[in-house]
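Accompanying notes for the structure given below.
A short reminder: the numbers here are calculations on the coordinates, not readings from a lab. Keep in mind that what you see is a predicted model, and the values were worked out from it rather than measured.
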Amino acid sequence: MHKAPLKDAAGLEIMGVGLHWNDVEIGDRFRTLGRTITEADITQFVGAVGMVEEMFTNVEYIREVSVIGDRPVPGSLVLCMAEGLLMQSTMQRTGMAFLEADVKVHKPTTAGDTIHVECEVVEARSTSKPDRGLLRTSNKVLNQRGEVVLTYNPLRMVKTRPSV
């Protein structure tokens, strides 16, 4: 990855700025930090979005009926957590729009699992507007056992690194 530092008006480097589409090349790979998904995360998410199916809200039902055996994490929450991990490390001040993605859940994620995201750049190109480009990555979400639990391939509109 080719990332020159951005500086403020006083010439100080701004830390934590995300990647611009022209910072990367096809084939570049990276991974995020990890995050443990807690019972509280599940409760807050299903309450906020209204996903109050008993599989996510009734621990007794889960114990008696679930083939998973533990409290499952909604696949949409796994995706949102993965996006949060990426926001923190790659898109601050550079991401403009999440345009599309194909998403596939491969294995269940349960309360207490720790996930991280492994990304590979598969597309990086300019658009008709010089201040932005398109960036697609192939993302694998893995749990603490190294198992792929979810994959997706977001296409994002991302800012162009300004010329100095």
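Some observations on this one:
- Put the Cα centre of the range 4-18 next to the Cα centre of the range 27-60 and the gap is 34 Å.
- The relative contact order of the chain, computed from alpha carbon pairs under 8 Å that lie at least 6 residues apart in sequence, is 29 percent.
- Length gained on full extension, Ala101 to Ala48, computed as 0.36 nm times the residue gap minus the Cα-Cα distance: 16.8 nm.
- Close lysine pairs were tallied over the range 32-164: pairs 8 or more places apart or on different chains with Cα atoms under 25 Å apart number 4.
- Using every pair of distinct Cα positions in the chain, the Kirkwood expression returns a hydrodynamic radius of 17.3 angstrom.
- The amide H of Glu123, built 1.01 Å from its N in the peptide plane, has Arg136 as neighbours under 5 Å, considering only residues 5 or more places off or on other chains.
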